[in-house]
Amino acid sequence: MTKLTLGSYPHLLGFEQLERLLERAAKTGNDGYPPYNIEQTSQASYRITLAVAGFGEDDLSITVEDRQLVIRGRQHEDAVERMFLHRGIAARQFQRSFVLADGVEVGEAIMENGLLHVDLTLVRPDAVVQTIKIKKGKDHDV
């Protein structure tokens with residue numbers, strides 16, 4: 001079976017980056033932890049909410065790496081050894097990635113009641129119409 005690439009389509013010039021983004025999105029971890037929501041809060045804004053109970057602000061990091069929003073969590077071990085009779089609250093590290101389209105900017109991040117909210121804004125550039133002047137070729141100069 002042959003894999004079709006965007007390069008196989010001659011009318012899709014310069015979309016190689018889109019192909020890489022699609023491959024990266026397919027490879028992102030899909031283990032379901034931590035659970036999250038993505039909501040559209042307006043015509044040009046979104047909010048990603050992750051359930052991060054047990055994590056503090058110092059345990060989380062948010063970065064944008066090559067058009068990809070990466071949220072990592074790692075809880076610091078307590079200095080005091082604790083003996084759990086039952087441990088049902090996850091205390092593992094995680095990394096959750098979201099591929100960002102061109103024009104999506106990451107705004108503020110808010111921690112509230114065990115939920116981490118990350119706001120995104122879609123900035124649409126102004127439409128520009130460009131006229132290209134056609135020159136005569138050297139063979140056609142008179």
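The values are calculated or read from the model by the stated rules, or taken from the named source; none is laboratory data. Source: prediction; values computed, not measured. Here the Cβ positions follow ideal geometry from the backbone for every residue, glycine too, while neighbour counts run over all protein chains shown.
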- [ ] Answer yes if at least one residue in region 73-85 is surrounded by 11 or more Cβ atoms within 10 Å (Cβ to Cβ) and under 30 Å from VAL123 (Cα atoms), and no otherwise.
- [x] yes
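Here is a yes/no grid of residues against (1) at pLDDT below 90; (2) in contact with a Gly (Cβ under 8 Å, 6 or more places away or on another chain); (3) at positive phi; (4) of a type in the set (S, T, N, Q):
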residue	(1), (2), (3), (4)
GLU77	yes, no, no, no
ARG87	yes, no, no, no
PHE94	no, yes, no, no
LEU122	no, yes, no, no
ILE132	no, no, no, no
HIS140	yes, no, no, no
Task: Filter result (touching a residue at least 40 places away in the same chain (Cβ under 8 Å) and among the β-branched types (Val, Ile, Thr)) within region 61-103 - done: ILE62, VAL64, ILE71, VAL99
TODO: Could you check, for region 49-60, whether at least one of its residues is loosely packed, with under 13 Cβ neighbours inside 10 Å and under 19 Å from the mean Cα position of the chain (by Cα)?
DONE: no
Task: Only listed residue being of a type in the set (A, V, I, L, M) and over 23 Å from GLN40 (Cβ atoms), chosen from ALA101, ALA109, ALA53 - done: ALA53
